[in-house]
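Colleague: Input: one structure, supplied below.
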Amino acid sequence: EVLEADVRSQKILRRLRVQGGPFGVALDRAGRHLFVTCRDSDRVVAVDTREFKQVDSIEVGDAPVAIAFCTTKAGDRLLVANSVSDNISVLEPSPLRELARPQAGREPHAVAVAADGSIAYVANRLATTETVLSVPQSELTLLDPARAHAPTPQAV
């Protein structure tokens, strides 16, 4: 379920049954739509926050967990970390449409986006290459949300 609660009274105001194991959430810029990853059904669901009902859904990679909304020069985007298929679904939010599915590291599980939407950071539980000492390491996948691929290197 997805619940709406009043922070002050700590009371549940509304409940919405969402099939597929709701996991991660992100709001659009206006707060009009809530996007929910459904880990067990490999989907992202859009919920209208005024009517508190599901209005759209789309299939993404395997076991989506984290999701982030951002505004880019190319338009609004949703970035979804698909933890089992080791990739990132780049979605257009309205209507829900997948633009690309670039590879990530192993087991992507968190997404953060720069305030200007220029770059996204996807945290992966495991590195894609083994280290000399065979010690598990995490890594980051960098992504340009507007173009849905690794950003062009820039001099700093």
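The values are calculated or read from the model by the stated rules, or taken from the named source; none is laboratory data. Treat the numbers as computed from the prediction; the structure is a model and nothing was measured. Note: ideal-geometry Cβ built from the backbone for every residue, glycine included; neighbour counts use all protein chains shown. All accessible areas refer to the heavy atoms of the entire protein, side chains included, with ligands and DNA or RNA removed. Shrake-Rupley method; radii C 1.70, N 1.55, O 1.52, S 1.80 Å.
Colleague: So is K73 open to solvent by 20 Å² or more (accessible area, probe 1.4 Å), farther than 27 Å from E4 by Cα and out of contact with any His (no Cβ under 9 Å at 6 or more places or on another chain) or not?
Modeller: yes
Conditions (1) over 13 Å from A68 (Cα atoms); (2) in a loop (DSSP other than H, G, I, E, B), marked per residue:
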residue: R14; (1), (2): yes, no
residue: Q19; (1), (2): yes, yes
residue: A30; (1), (2): yes, yes
residue: F35; (1), (2): no, no
residue: V44; (1), (2): no, no
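Colleague: When you scan the range 129-138, do you find a residue that is within 20 Å of A74 (Cα to Cα), at pLDDT below 95 and in a loop (DSSP other than H, G, I, E, B), even just one?
Modeller: Scanning the range 129-138 turns up no residue that is within 20 Å of A74 (Cα to Cα), at pLDDT below 95 and in a loop (DSSP other than H, G, I, E, B).
Colleague: What tally of residues in the range 59-76 results from selecting those that are in a strand (DSSP E or B) and touching a Ser or Thr at 6+ places or on another chain (Cβ under 8 Å)?
Modeller: The number of residues fulfilling the criteria is 6.
Colleague: Out of curiosity, is A66 touching a Phe, Trp or Tyr at 6+ places or on another chain (Cβ under 6 Å) and surrounded by 14 or more Cβ atoms within 10 Å (Cβ to Cβ)?
Modeller: So A66 fails the test.
Colleague: From the set of residues in the range 1-38 that are buried (at least 19 other Cβ atoms within 10 Å of the Cβ) and not aliphatic (A, V, I, L, M), which is farthest from V90 (Cα to Cα)?
Modeller: Here the residue is P22.
Colleague: Being modelled with pLDDT of 95 or more, small (G, A, S) and part of a strand (DSSP E or B) is the requirement here; does S89 meet it?
Modeller: yes
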